[in-house]
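Report on one structure; see the data block that follows.
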Amino acid sequence: MNRYTLSVVCAVLIVIGCTSRKTISAPADSQYLERRATELYEKAPERALALIDSAEQTGTMPNFRADLLRAKLFTLSTANQRQDVALQIAEGLLSHDSVKGNALRQQEVLQLLLNASRMRHDDEQSMRWATQYTNLLNSLGNESAALRTEAEIGLIMTHLGQVSEGMQKIDHAIARLDAMSGFNAMLAYILASKRKITVLRETGQHADIPDVAQAIQAHLDKMLASPNDYIDGSQHAPKDVEQLEDYCDFYGAQATAFKAAAYANLGDNQKARQQLAIFRETNYGHTLDGRKMIAPTLGKLGDYTSMLAIYDKAEAELEGDTLRQDYADILLARAEAAEAQGRIAASLSYRKRYEALVHSLNERLHRNQSHDYAARYHAQEQQLEIQRQKAEISLQNIFLIMGAVIMVLACAFAVYFFRQKRYVDYKNHILVEQMTGAIDYKQKYEEAMQAAEKKASTQPPATPTTSSPTTEKNDDESGHDLNALTDEQLFQHISEVILREKLHLKPVCDRQTITSRFGLTEKRVGAAFAKGSNYKSLASFVRDSRLEYAAQLLRQHPEMTIGEVATASGFASHTRFTADFKTRYSVSPTEFRAMAK
């Protein structure tokens, strides 16, 4: 019957699984969608969000990843409204059950919260999330990432006015990472060093920047000299030597740019130009992002032609799409260049255009936010209606199957229940027979012992021996010398008197009562029961004797209530009697009486 029931349950589960329309997403699909949505968002935010909505509704992307990706995209926006939405989504995810029990998901969400707070220049919130993120990384044993975030905390501390303490924390992280091996530790070292360069630049300590940048390049040279030590298969590690060289080119070029900027700010234009020449020979130096990185340094050196050429190229790649933050940054740079060249009118014109563009961007993004939510809500309503119609059809079939299965399961449960009840009743019946047999045997044994004692009492007493005047004897009314008895003999004597005189049925039958009755010390009585019997103490003997007597009453006097049996057996309460009875006999007094019939 059990095998049949199991087969039916499995069949139901298979049917339910087959009727489900939800698509299980593959990790590769989710990764592709994330890349595609990120690429789209910069030029067409509405299309990117629609792509995420569609992927979530069709099951290609789980709900958690969809919400996390939306938050990531909103962090790319320059509008405070979008940044607020990103923070709200991420904080909501952090308190979700699917994230609380998953450390890796917590890591993703905390990293997002840290990035969003950093972009909004909210140092207090950045400190909060960075601290939680560091604690989580330490709990996961990811020491290198934890130290990298510690350097981030040091940077935040400098922004909060704790420059000395923040720099100490950054230096501590750099020193720890410098002693570690592996690609992730090396990468964390470079990023922590970049945080130190940021602090040095912000505090005007430009003279110290070249040494830090040179240390970065020395570590990159070490990586190139022993590439196999860093292609270690860890997270973010390069897969081959070529990819490792790309890493080194990227960070090496940035270190060179840092040195060039430092020398320019120090007024050493010759060294600054030398570093710029080295920078231009790198692969990163040929990219637009790389050239945009050195554009401010070119302006500092007075090479406005080269700087503006870079911005011209950047503006050309926008392809007329000037309603965006990238173009706003270009306008600001042109304003600064015009001001440095003495073209005040042009500088003012650029600044007015910059301010107007930033205002327009904020207004547009605010409108788009409402539009996005409305469009997403409408699409979800349509999808939910389709799913509801499909669900109604599926539910009709499932209810028919479930009805049949419930009937089969009910029958199976009924058969199982009655079989179990019969088996338990049988076991309890055998148990009661054993209990009553043992109790009857003990009662007969006690009656036989009492008869033997009675017969012995009719015999003439033996001639007493003359005892020494200094020997003390403790005799009871039976004439026994209790002090001369062994523990076993003393237990036998006391237990027989207790049962014969029914002392155990009195409400109080403790060690004090027995010592008074036999003129013995409490220690002597305790030893007689603990060492001279199978009982742990006098109390356990009294309890078991009361329970045996109660079992007789339950069988022989069905007219007595359980409470009356408990009182007649010497128990102070009905509850205590029931608990002790069930502990000893594995059945309650009521069950015992029913089975004893």
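The values are calculated or read from the model by the stated rules, or taken from the named source; none is laboratory data. This is a predicted model, so every value here is computed, not measured. Virtual Cβ from ideal backbone geometry, glycine too; neighbours counted across all protein chains shown. The protein model used for the area step is the full one, side chains on, heavy atoms only, and it has no ligands, DNA or RNA in it. Shrake-Rupley method; radii C 1.70, N 1.55, O 1.52, S 1.80 Å.
Among residues belonging to the stretch 199-213 that are over 42 Å from the mean Cα position of the chain (by Cα) and open to solvent by 20 Å² or more (accessible area, probe 1.4 Å), point out the one that is farthest from residue 252 (Cα to Cα). Across the stretch 199-213, the extreme among qualifying residues is 204.
Scanning the stretch 280-305 for residues that are assigned to a helix (DSSP H, G or I) and open to solvent by 40 Å² or more (accessible area, probe 1.4 Å) returns 280, 286, 289, 291, 292, 293, 296, 300, 304, 305.
Every residue in the stretch 580-591 that is open to solvent by less than 50 Å² (accessible area, probe 1.4 Å) and small (Gly, Ala, Ser), please.
Initially, the stretch 580-591 is screened for residues open to solvent by less than 50 Å² (accessible area, probe 1.4 Å), giving 580-581, 585, 587-589.
Listed by number, the list holds a single entry, 588.
Going by the conditions given, is residue 499 open to solvent by 20 Å² or more (accessible area, probe 1.4 Å) and touching a residue at least 12 places away in the same chain (Cβ under 8 Å)? Considered against the rule, which asks whether it is open to solvent by 20 Å² or more (accessible area, probe 1.4 Å) and touching a residue at least 12 places away in the same chain (Cβ under 8 Å), residue 499 comes out as yes. Which condition number in (1) open to solvent by less than 70 Å² (accessible area, probe 1.4 Å); (2) modelled with pLDDT under 80; (3) assigned to a helix (DSSP H, G or I) is the one that residue 92 fails? Residue 92 satisfies every listed condition except (2). Restricting 272, 255, 264, 260 to those that are crowded, with 20+ Cβ neighbours inside 10 Å and either among the charged types (D, E, K, R) or under 24 Å from residue 184 (Cβ atoms) (or both) reduces the list to 255. Cβ-Cβ distances below 8 Å connect the following pairs, each with a first residue in the stretch 332-357 that is in contact (Cβ under 8 Å) with a residue 40 or more places away in the chain, a second residue that is part of a helix (DSSP H, G or I), and a separation of six or more residues or different chains: 340/299; 340/304.
Within the stretch 305-319, residues that are within 23 Å of residue 43 (Cα to Cα) sit with their Cβ atoms under 7 Å from residues that are loosely packed, with under 14 Cβ neighbours inside 10 Å, at 6+ positions apart or across chains, in these pairs: 313/288; 314/288; 317/288. Only residues that are among the hydroxyl-bearing types (Ser, Thr, Tyr) and either modelled with pLDDT of 90 or more or within 22 Å of residue 258 (Cβ to Cβ) (or both) were counted across the stretch 216-229, and they come to 0.
Go over the candidates 144, 98 one by one and state the one that is of a type outside the set (D, E, K, R), crowded, with 18+ Cβ neighbours inside 10 Å and in a helix (DSSP H, G or I).
Details: 98 fails: crowded, with 18+ Cβ neighbours inside 10 Å.
Unique residue meeting the criteria: 144.
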